[in-house]
Ligand SMILES: [Zn+2]
């Protein structure tokens, strides 16, 4: 029986993934089939909470091979590959409803939704929700078709994300182990040794987005007073577990491994940017010199077959801005990012410089062809005129090539400024 929920957290507190541990605990009479799924959805939707992530778990009576995938309050959590018997739908709905309704931050802007179903919704619900904006009517029609049960609170917007999470069939996938704090520590500073995070990042190459080696800052723990201690992402579930156990931190109350679409680029539409509130992967040519605006943001105008477009590297992307600042008119790029509507700007999240234009600057005016003297520009009239004998010349000025401070290749923002869904260059084998 699939159980999915979303939009349970407000901007301030909680974390939808924490509810997964509460649901697992409350439904302890059943086994988990497969891994709990943490599914990130379109990061560009205007009403997103912090991470815009939805959860989906599958409960039943397991059979065959099982593995330990977590620990909740000192008790191991197992995941079975196959199901012997389906969980009771009414029981699951009642228990999960109490947990999600009881823990959600209703009244703080959350609009939670819970969906329970024996079969998954059509796959398109996932792709529409990760790349675009899904209307609730479309979701409800699909849920009706598969005879799913649903509960919504405060408008129940979360039903859309919950259904999308349930609809996900992984093409690409990653894993994340999230650890949760003991309750009495919630809201206090997290005890986590930065050096151990750095070492883990170096010693476990299948993990990603852990540590910014340039600034010495870790990226695995949130800055909010939520119950999450830290989360480590990776490509290899076995190595991920060793990586997490190598960290030195306060003792977590619980930990759980999730299957996720994080770091997959699933949100990118391979097309020239059109509709806003979506993210694109497209080729373009730099049209103007980059400029730095108030706040330290860098804007560069590019030409696409659909017209000119401003691309931005915002201040939090730090040294990535230097890359964008080094671009010059004529450079050919493959750009990745989210298109915002007002102002209509593409928020760059990754960049491939395909080809650099030759940049030249004038070093001297031509010499006079009659007397060999110096010349001066005639401005808009064009050409040069001798300062001594007034003879005109249309010879070109002497030029020299300006060295470029960038080479063709891939560039991405530092770990701290990356999107949950963005595929790190590390995962691309670069
Ligand atoms: Zn002359």
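The values are calculated or read from the model by the stated rules, or taken from the named source; none is laboratory data. Source: prediction; values computed, not measured. Reconstructed Cβ throughout: ideal geometry from the backbone, glycine too, with neighbour counts over all protein chains shown.
Worth a mention:
- Taking the criterion of being surrounded by fewer than 16 Cβ atoms within 10 Å (Cβ to Cβ) and under 17 Å from the mean Cα position of the chain (by Cα), the only residue of the range 316-339 that qualifies is 316.
- Residue 327 being more than 13 Å from the ligand (Cβ to nearest atom), closer than 24 Å to residue 307 by Cβ and part of a strand (DSSP E or B): no
- Filter pass, residue 414 being surrounded by 11 or more Cβ atoms within 10 Å (Cβ to Cβ), under 36 Å from the mean Cα position of the chain (by Cα) and away from the ligand (no atom under 16 Å from the Cβ): yes
- Within the span defined as the range 222-231, every residue fails to be free of Cβ contacts under 8 Å to residues at least 12 places away in the same chain, farther than 30 Å from residue 167 by Cβ and in a strand (DSSP E or B).
- Residue in the range 331-345 that is farthest from residue 278 (Cα to Cα), counting only those that are touching a residue at least 60 places away in the same chain (Cβ under 8 Å) and assigned to a strand (DSSP E or B): 336
- Pairs, first within 13 Å of residue 364 (Cα to Cα) in the range 375-397, second part of a loop (DSSP other than H, G, I, E, B) and near the ligand (Cβ under 10 Å from one of its atoms), C-beta under 6 Å, six or more apart: 375/368; 376/387
- Taking the range 346-376 as the range and being more than 16 Å from the ligand (Cβ to nearest atom) and in a loop (DSSP other than H, G, I, E, B) as the test, the residues that pass are 356, 357, 358, 359.
- Close Cβ contacts (under 9 Å, 6 or more residues apart or on different chains) running from residues in the range 116-141 that are at positive phi and touching a residue at least 40 places away in the same chain (Cβ under 8 Å) to residues that are surrounded by 15 or more Cβ atoms within 10 Å (Cβ to Cβ) and part of a loop (DSSP other than H, G, I, E, B) are absent.
- Some residue of the range 44-51 being assigned to a strand (DSSP E or B) and either modelled with pLDDT of 95 or more or surrounded by fewer than 23 Cβ atoms within 10 Å (Cβ to Cβ) (or both): no
- Which numbered condition residue 267 misses (of (1) farther than 14 Å from residue 420 by Cβ; (2) touching a strand residue (DSSP E or B) at 6+ places or on another chain (Cβ under 6 Å)): (1)
- In the range 158-195, the residue that is modelled with the lowest pLDDT out of those that are surrounded by fewer than 19 Cβ atoms within 10 Å (Cβ to Cβ) and under 21 Å from residue 38 (Cβ atoms) is 186.
- Residue count for the range 386-396, restricted to those that are within 30 Å of residue 289 (Cα to Cα) and either within 8 Å of the ligand (Cβ to nearest atom) or surrounded by 13 or more Cβ atoms within 10 Å (Cβ to Cβ) (or both): 1.
- Looking across the range 400-410 at every residue that is surrounded by 12 or more Cβ atoms within 10 Å (Cβ to Cβ) and part of a strand (DSSP E or B), the one that is nearest to the ligand (Cβ to nearest atom) is identified as 409.
- Comparison of 235, 281 shows that the only residue that is under 15 Å from the mean Cα position of the chain (by Cα), touching a residue at least 24 places away in the same chain (Cβ under 8 Å) and under 27 Å from residue 128 (Cα atoms) is 281.
- Flag if residue 383 is within 16 Å of the ligand (Cβ to nearest atom), at pLDDT below 95 and touching a strand residue (DSSP E or B) at 6+ places or on another chain (Cβ under 6 Å): yes
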